[in-house]
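Novice: Following this message is one structure expressed as structure tokens.
Laboratory data are not the source of any read-out in this text; all were calculated from the coordinates shown. These numbers were taken from a predicted model, which means no experiment stands behind them. Cβ placement follows ideal geometry from the backbone for every residue including glycine, while neighbour counts extend to all protein chains displayed.
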């Protein structure tokens, strides 16, 4: 057992929750719930994108190719981002060296925005090398990220992290627990206070965003990349507010600026500006065509379907040939 201690939502129900970070042990190695939840979140995001590939006119294989490399670089980006801003803060006396940066993953220390930046870099490079149209895929990437954020934040709940400052009033969803009480005590605050469950706020915010873009992408999307810009705005706006409630933010050096809050505000404003610009310029041009409606996309999809049918027919022909050969052998033996 690797219990972190109890956690409570006293205004919702009376029972304490005892959280165990370890899901199971495999060959002497502890497998943590956090890793399982994050992996499941990424897998569901990719699965969603694969199932919706036809909405943006790309092939599922193309999405899988860019998602595979995006996942790898996303993990690296999340780690490097965290380590950089941790080391830049003079209040953090224990620094990461190059070895611990890449060997201490299991000790924690991943940042969402670092993962986002890393995943995009890896996906763009993969798309360029493999000659895949990436801008249309971005619209599914936005929806996939919302799934990842919404589910992944429950990994923070298991680890009892990403909680906020004490609530201003007696909110029904205020939380407390052993880790939270210890944190409040070290900060010289009232240990009886209930704090904001920031992980829950972000999870619900992203779930609502997913619901909105799920319907938007098919009915209202008028230019490629539009839904990704909406994702950046939606997530950035919510993260900017929620980050302001948190007590464990990465700070920008020795300033009072929260790195993720600054980045969230900047990305939300930038995305909104680009959305407005493209919405009233690209869509105003009569010659603009969504990639899914282009001849290139239609031809690519048709070729893919043709190859699937051809391979299926080949497999059926092989089965028929094997059956006939078996029947001939049986007839020969009987004669």
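Novice: Report the gain in length on full extension from residue 304 to residue 255: 0.36 nm times residue separation, minus Cα-Cα distance, nm rounded to one decimal.
Specialist: Values: separation 49, 0.36 × 49 = 17.64 nm, distance 5.37 nm.
Working it through step by step, the gained length comes to 12.3 nm.
Novice: Another one. With angles folded into 0 to 90 degrees, how steeply does helix 60-88 sit against the dominant principal axis of the chain? Use alpha carbons for both and round to 10.
Specialist: 20 degrees
Novice: Next up: If you line up the long axis of helix 33-51 against the longest principal axis of the chain, both from Cα atoms, how many degrees apart are they, to the nearest 10?
Specialist: Between the helix axis and the principal axis of the chain, the angle is about 40 degrees.
Novice: When the helices in the chain are scored as -39500 (n - 2.57) per DSSP H run of 4 or longer and the sum is shared across all residues, what 222 nm value do you end up with, to the nearest 500 deg cm²/dmol?
Specialist: Calculated from helices alone, the mean residue ellipticity at 222 nm is -22000 deg cm²/dmol.
Novice: Using the Cα gyration tensor of segment 294-335, with a ≥ b ≥ c the square roots of its eigenvalues, what is the shape: rounded (a/c below 1.5), prolate (a/b larger than b/c) or oblate (neither)?
Specialist: Prolate.
Novice: How much length would be gained if the chain were fully extended between residue 270 and residue 173, taking 0.36 nm per residue of separation minus their Cα-Cα distance, in nm to one decimal? List each step's numbers first, then the result.
Specialist: Details: separation 97, 0.36 × 97 = 34.92 nm, distance 3.30 nm.
Contour length minus the Cα-Cα distance gives 31.6 nm.
Novice: Moving to a separate point now. When ranked by the protection proxy of mean other Cβ atoms within 10 Å per residue, highest first, what sequence do the peptides 247-257, 140-150 form?
Specialist: Packing order, densest peptide first, comes out as 140-150, 247-257.
Novice: Ranked by Cβ crowding within 10 angstrom, fewest neighbours first, how are 56, 289 ordered?
Specialist: Sorted ascending by nearby Cβ count, the order is 289, 56.
Novice: Same structure, new question: Using the alpha-carbon atoms, what tilt in degrees (0 to 90, nearest 10) does helix 135-159 show relative to the longest principal axis of the chain?
Specialist: Orientation of helix 135-159: about 40 degrees from the principal axis.
Novice: So for the chain, averaging the separation of alpha carbon pairs under 8 Å that are six or more residues apart and normalising by length, what relative contact order in percent results?
Specialist: Working: 471 pairs, mean separation 65.8, N = 335.
This gives 20 percent for the chain.
Novice: Cα centroid distance between segment 65-136 and segment 167-188, in Å?
Specialist: Result: 31 Å between the Cα centres.
Novice: Under a GNM of the chain (C-alpha, springs under 10 Å), which listed residue has the highest mean-square fluctuation: 102, 71, 163?
Specialist: Looking only at 102, 71, 163, the biggest GNM fluctuation is shown by 102.
Novice: Per 0.36 nm of contour for each residue apart, how much would the distance between residue 92 and residue 288 grow if the chain were fully extended, relative to their Cα-Cα spacing?
Specialist: 65.4 nm
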